[in-house]
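Written out below as structure tokens is the structure these notes cover.
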Amino acid sequence: MRLLRSAIALLLVLPLVTASAGAQPGRSGIRLTDVLPAVAEAVPVRGADFHLTEDTVITASGAATAAAGSLAAVLRPATGFDMPVAETGGRAIALALEPGHPDEGYRLDIRPDGVDLRASEPAGLFFGVQTLRQLLPPAIEAKNPQRQRWSLPGGRITDRPRYAFRGAMLDLARHFHTPAEVRAYIDQISRFKINYLHLHLSDDQGWRVQIDSWPGLTEVGGAPGTGVGGDGGGFLTKDDYRELVRYAAERYVTIIPEIDMPGHVNAAQVAYPELTCDGVAPRPRTDMRVGYSSLCVREENTYRFVEDVIRELAEMTPGPYLHVGGDETFATPHGSYLAFQRRVLPLVRKYGKIPYGWHEIGQSPAAGDAVLQFWGRERANPSVTTAVAAGAKVVMSPANRAYLDMKYDSLTPGGLDWAGAIEVRTAYDWNPDRLLAGVPATAVLGVEAPLWSETLRDRADIEFLAFPRLVALAELGWSPQASHDWESFRARLGSYGPRWARQGVGFHRSPQIRWS
């Protein structure tokens with residue numbers, strides 16, 4: 001009945017076409033529902049395909065022009081057509097902003113005489129473009145011009161995100177990834193409507209972002225040989241960082257910087273021994289052990305250091321969040337940990353950011369308006385429950401579901417296994433709203449998929465461990481729970497494989513998926 005009512009409603013706005021009873025494919029064989037992540041609502045219309053030709057134009061004006069340009073950049077090289085962007089045109093793909101759509105949501109109408117993509121904000125148009133490109137054949141991802149009859153399946157999609165926060169994390173500290181590698185990752189995650197990228201910028205091995213007031217952090221912590229196993233080295237200059245922020249923003253991805261503290265600080269203490277309690281520099285570490293380092297909580301110099309770092313990061317981070325770590329502080333006594341958070345969390349607010357940290361910061365009464373990133377494997381966590389009762393929000397990143405650095409199985413080259421093997425179905429089959437007892441759905445801000453880099457060395461390693469599992473987390477973050485269906489997801493994922501292949505993405509061909 002719901003589908004019938006939606007079809008009738010669509011007929012009222014599409015009087016020249018006939019509604020189909022089912023999700024019939026267009027001439028290309030693609031259905032409106034063949035999209036990753038799954039759309040909220042789709043009403044197909046038989047015989048209403050739109051055909052791209054040499055005469056097709058893309059129309060937009062004002063703030064809609066950027067999304068129109070991104071669509072043209074996809075279509076021009078693949079079709080060989082001019083696809084001009086203009087304010088008006090004939091047989092057009094029309095992008096427009098109008099009131100009435102949910103945040104980041106959009107409506108896509110496809111008719112024989114034109115295509116309308118509408119949203120209330122530019123982000124919604126951008127996400128609609130990502131859907132539209134998946135409604136065209138995989139050959140659209142090719143870079144060589146192919147003059148052929150491209151078509152879009154007729155009907156209407158009305159789409160909106162389940163969660164406001166849909167994140168990925170990339171660890172630059174254990175192994176430094178170049179700006180080009182980060183940009184390539186941004187390109188891929190944005191196609192699946194991921195809207196936050198959390199960069200882990202410091203750890204025991206290295207320090208990966210320039211801080212002017214403490215230049216030794218990168219002079220020493222970004223030197224060659226500061227990655228796990230003595231590999232790598234490198235860091236982001238402030239210009240590098242700002243350019244990544246700009247590049248991500250063009251794709252409606254917001255960068256969240258993380259400086260992990262009071263633990264995971266060995267690299268900072270190698271550069272500045274005064275950050276230890278005894279003033280003696282520890283030896284550099286390139287192993288994978290955790291939990292042995294701690295800032296000296298009782299020393300005022302510690303808070304001068306922390307405030308300088310927070311201030312400089314906040315100045316070049318337009319997004320709302322600043323991540324202060326807070327995990328695996330085995331070398332910090334509990335009372336000292338609470339004292340540290342009591343001083344540090346207000347510093348984040350002082351510089352205009354929302355404190356974000358691993359869920360351990362929930363032990364602090366100062367975390368009542370913070371965002372906690374839950375990375376545990378337990379089904380109940382009293383400190384998280386207490387913090388949520390005080391007003392904190394939670395981003396779900398359970399290590400045994402969401403950690404992309406875990407192996408797919410025992411034979412996976414690279415990756416770790418301390419949280420267990422995570423195949424695609426394991427990453428997909430869970431509900432963030434029901435993960436933790438005492439944490440209601442209203443307190444769940446969203447999901448994030450961390451990718452730690454102990455075993456990563458290059459872009460190929462990133463892609464192999466991230467894809468296809470990141471898409472499972474993207475669907476959890478975007479699509480309504482009512483649409484959650486493993487068989488549907490695995491079929492859509494299998495059909496996406498040729499797109500990755502044409503893009504040169506080295507994804508894992510999971511045996512759980514029937515790849516096209």
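Taking the range 485-498 as the range and being touching a Phe, Trp or Tyr at 6+ places or on another chain (Cβ under 8 Å) and surrounded by fewer than 21 Cβ atoms within 10 Å (Cβ to Cβ) as the test, the residues that pass are 486, 494, 497.
The conditions of being open to solvent by less than 10 Å² (accessible area, probe 1.4 Å), part of a loop (DSSP other than H, G, I, E, B) and either farther than 30 Å from residue 265 by Cβ or of a type in the set (Gly, Ala, Ser) (or both) are met by residue 173. Annotation note: Cβ proximity below 7 Å between a residue of the range 333-359 that is closer than 22 Å to residue 447 by Cβ and a residue that is open to solvent by 10 Å² or more (accessible area, probe 1.4 Å) and in a helix (DSSP H, G or I) (sequence gap 6+ or interchain) occurs for 353/314; 355/349. Scanning the range 304-361 for residues that are open to solvent by 20 Å² or more (accessible area, probe 1.4 Å), polar (S, T, N, Q) and assigned to a helix (DSSP H, G or I) yields a count of 1. Determine, yes or no, whether residue 263 is at pLDDT 95 or above and touching a His at 6+ places or on another chain (Cβ under 9 Å). So residue 263 does not fit the description; no. On the stretch given as the range 85-101, residues that are open to solvent by 30 Å² or more (accessible area, probe 1.4 Å) and either closer than 15 Å to residue 48 by Cα or under 20 Å from the mean Cα position of the chain (by Cα) (or both) total 1.
Here is a yes/no grid of residues against (1) touching a Leu at 6+ places or on another chain (Cβ under 8 Å); (2) among the hydroxyl-bearing types (Ser, Thr, Tyr):
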site	(1), (2)
91	no, no
106	yes, yes
110	yes, no
114	no, no
117	yes, no
120	yes, yes
126	no, no
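Among residues of the range 91-115 that are closer than 12 Å to residue 158 by Cα, those with a beta-carbon under 9 Å from a residue that is open to solvent by 30 Å² or more (accessible area, probe 1.4 Å) and modelled with pLDDT under 95 at least six positions away or on a different chain give the pairs 109/13. The set of residues in the range 176-222 being open to solvent by less than 10 Å² (accessible area, probe 1.4 Å) and of a type in the set (Asp, Glu) consists of 203, 204. Considering every residue within the range 45-58, establish whether at least one is hydroxyl-bearing (Ser, Thr, Tyr), free of Cβ contacts under 8 Å to residues at least 60 places away in the same chain, within 21 Å of residue 250 (Cα to Cα) and surrounded by 18 or more Cβ atoms within 10 Å (Cβ to Cβ). The answer is no, given that none of the residues of the range 45-58 is hydroxyl-bearing (Ser, Thr, Tyr), free of Cβ contacts under 8 Å to residues at least 60 places away in the same chain, within 21 Å of residue 250 (Cα to Cα) and surrounded by 18 or more Cβ atoms within 10 Å (Cβ to Cβ). For beta carbons closer than 6 Å, sequence separation of 6+ or different chains, a first residue in the range 436-455 that is free of Cβ contacts under 8 Å to residues at least 24 places away in the same chain and a second that is outside any strand (DSSP E or B), the qualifying pairs are 441/433.
Among the residues of the range 411-452, those identified as open to solvent by less than 40 Å² (accessible area, probe 1.4 Å) and polar (S, T, N, Q) are 412, 431.
Would you list the helices (runs of 4 or more DSSP H) that sit entirely within the range 430-516 and hold 2 or more residues that are of a type in the set (Phe, Trp, Tyr)?
Numbers: elements: 459-466, 469-478, 486-503.
By residue number, 486-503.
The values are calculated or read from the model by the stated rules, or taken from the named source; none is laboratory data. Quantities reported herein were computed from a predicted structural model and do not represent experimental measurements. Note: ideal-geometry Cβ built from the backbone for every residue, glycine included; neighbour counts use all protein chains shown. The area values use the complete protein model at the heavy-atom level, side chains included, leaving out ligands, DNA and RNA. Shrake-Rupley method; radii C 1.70, N 1.55, O 1.52, S 1.80 Å.
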